[in-house]
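The values are calculated or read from the model by the stated rules, or taken from the named source; none is laboratory data. Source: prediction; values computed, not measured. All Cβ positions, glycine included, derive from the backbone under ideal geometry; neighbour counts span all protein chains shown. The accessibility values were calculated without ligands, DNA or RNA, using every heavy atom of the protein model including side chains. Shrake-Rupley method; radii C 1.70, N 1.55, O 1.52, S 1.80 Å.
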Amino acid sequence: MTERRARRVEVAAQPRHVSLGDGQGDDTAEQAPAEEFEYLGILLERKHDGAPVEETWLPMGDDPSEEDDERLIEALHKAWLWTTEADRLSGTAW
């Protein structure tokens with residue numbers, strides 16, 4: 001019997017920061033500050049034997065839409081299928 005390799009998905013709230021502009025002005029203007037925005041979201045990180053394999057970040061504000069909910073459900077379902085893929089392919093799932 002071979003040792004089973006562990007697939008896990010971690011779910012966490014994680015903001016993303018975006019900067020617009022480079023903070024540089026042209027020769028005739030003063031230095032323009034870069035605009036920074038923070039977007040709230042949910043991070044799904046797939047790990048195989050503890051090592052990160054892939055991550056999916058989904059934007060999710062204070063008032064998520066039905067489309068946001070559906071996108072999250074779909075991502076969670078895909079992540080769950082990924083964690084059980086070896087069992088399903090070998091016929092040992094439930």
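Below are the figures for this structure:
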{"item": "Residue match in region 75-92 (condition: in contact with a Ser or Thr (Cβ under 6 Å, 6 or more places away or on another chain), part of a strand (DSSP E or B) and at pLDDT 90 or above)", "result": "no"}
{"item": "Pairs, first under 17 Å from residue 56 (Cβ atoms) in region 1-18, second part of a loop (DSSP other than H, G, I, E, B) and at pLDDT 90 or above, C-beta under 6 Å, six or more apart", "result": "15/40"}
{"item": "Test result for residue 20, open to solvent by 60 Å² or more (accessible area, probe 1.4 Å) and either at pLDDT 95 or above or of a type in the set (A, V, I, L, M, F, W, C) (or both)", "result": "yes"}
